[in-house]
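**Q** First the structure, then my questions, so here it is.
The values are calculated or read from the model by the stated rules, or taken from the named source; none is laboratory data. None of the values given here were measured: they were computed from a predicted structure. Please note: Cβ atoms are built from the backbone with ideal geometry, for glycine as well, and neighbour counts cover all protein chains shown.
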Amino acid sequence: MSTQHSFFDSHAHLNNEQFAADRGNVVSRMRAAGVTRVCEIGYDLVSSQAAIKSAETNDGCWAVIGVQPNHPEVANDPHWLDHLGALAVHPKVVAIGEIGFDHHYAIAPVAVQEELFRSQIALAATHRLPIVIHSREAHADTLRVLSDVRHPYGVIMHSFSGDVGYAEACIAIGCTLSLSGPITFKNNTQMHAVVDAVGLEHLLIETDSPYLSPHPLRGKRNEPTNVPVIAAFIAARKGCSVAEVAAATWDNANRVFGLSDDNG
């Protein structure tokens, strides 16, 4: 790590239109805040291609490509998985995601979501890549599929939400939990308990920019500059230093994404 306070934002959407007017300034602020690595996350084929372009043109940026359950329209193209597979060989692609279930919006039936999910897990296995999981109001289905598949190349639970029991069940099958802004909300006692119970060796930190701003910025546009806010909250709960949280989550992210300190 370049400094003891370098941070890795494991999940962001900087290609979102909310950043169209000042993306360069956002990246500059991010780096000034010590957030020197970030994963740009795709959610369909177009955004996955954009994630790769961002990774190609920005040092410290890597791409995660995939089809999120709220975008089942890609399956109208019989060759969509082949297109995704062609992108997966790019050297800046470090994972397949975000993939999984979304029972909140339920844009696609559960069976369709599961077909998209399982086919992309298989693609990730073919390329020996980790997977990044989107699971909203779908804990049981997510755990069922992951327990059945037992993906051996790393599983990241994006913006983890759930109780301690669900956290322990995910960790038991090899998942790493990525924590985001909502853990800082004063009334989120369920996630406070998860932060207290789960060791740093199982954690990543993320913003999900431009969404999920931490307290006291709730309701405002989020950006990677706020990763240290999440780290500071974890440190306070655990009685350790922010530097310890930064170092542990940095090492965990590099490990699960297959990166080293020398990767540019």
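**Q** Output yes when any residue across region 251-258 is touching a Lys or Arg at 6+ places or on another chain (Cβ under 9 Å), within 30 Å of H127 (Cβ to Cβ), in contact (Cβ under 8 Å) with a residue 12 or more places away in the chain and of a type in the set (G, A, S), and no when none is.
**A** Taking every residue of region 251-258 in turn, at least one turns out to be touching a Lys or Arg at 6+ places or on another chain (Cβ under 9 Å), within 30 Å of H127 (Cβ to Cβ), in contact (Cβ under 8 Å) with a residue 12 or more places away in the chain and of a type in the set (G, A, S).
**Q** OK, next. Give region 48-59 a look and list any residue that's of a type outside the set (A, V, I, L, M), modelled with pLDDT of 95 or more and either farther than 20 Å from E17 by Cβ or within 15 Å of the chain's Cα centre (by Cα) (or both), or say none.
**A** S48, E56
**Q** When both residues are 6+ apart or on different chains and their Cβ atoms are under 6 Å apart, which pairs have a first residue that lies in region 136-147 and is within 12 Å of V110 (Cβ to Cβ), and a second that is surrounded by 17 or more Cβ atoms within 10 Å (Cβ to Cβ) and among the polar types (S, T, N, Q)?
**A** T142/S135
**Q** Turning to a different aspect of this structure: Identify, please: which residue in region 124-145 is touching a strand residue (DSSP E or B) at 6+ places or on another chain (Cβ under 6 Å) and assigned to a helix (DSSP H, G or I) and is, among those, farthest from A253 (Cα to Cα)?
**A** Checking each candidate, the answer is D141.
**Q** Taking the options R144, R136, R118, name whichever one is surrounded by 17 or more Cβ atoms within 10 Å (Cβ to Cβ), within 21 Å of C170 (Cβ to Cβ), at pLDDT 95 or above and among the basic types (K, R).
**A** Going through R144, R136, R118 in turn, the sole match is R136.
**Q** Just give me the residues in region 180-204 being within 15 Å of V35 (Cβ to Cβ) and either part of a loop (DSSP other than H, G, I, E, B) or in contact with a strand residue (DSSP E or B) (Cβ under 7 Å, 6 or more places away or on another chain) (or both), in sequence order.
**A** Result: S180, L204.
**Q** Only one of these is surrounded by 22 or more Cβ atoms within 10 Å (Cβ to Cβ), within 18 Å of W250 (Cβ to Cβ) and among the aliphatic types (A, V, I, L, M): A231, A235. Name it.
**A** A231
**Q** Can you name the number of the only condition in (1) surrounded by 15 or more Cβ atoms within 10 Å (Cβ to Cβ); (2) in a helix (DSSP H, G or I); (3) free of Cβ contacts under 8 Å to residues at least 40 places away in the same chain that F160 fails?
**A** (2)
**Q** If you go through region 70-89, how many residues are crowded, with 17+ Cβ neighbours inside 10 Å and part of a loop (DSSP other than H, G, I, E, B)?
**A** Matching residues across region 70-89 total 2.
**Q** Mind listing whichever residues of region 95-121 are more than 19 Å from the chain's Cα centre (by Cα), of a type in the set (V, I, T) and not in a helix (DSSP H, G or I)?
**A** I107
**Q** Please determine, by comparing only the residues of region 92-129 that are of a type in the set (K, R) and touching a helix residue (DSSP H, G or I) at 6+ places or on another chain (Cβ under 7 Å), which one is nearest to F160 (Cα to Cα).
**A** Taking the candidates together, the pick is R118.
**Q** With T225, T207 as the choices, which residue is among the polar types (S, T, N, Q), part of a loop (DSSP other than H, G, I, E, B) and surrounded by 21 or more Cβ atoms within 10 Å (Cβ to Cβ)?
**A** On inspection, the qualifying residue turns out to be T207.
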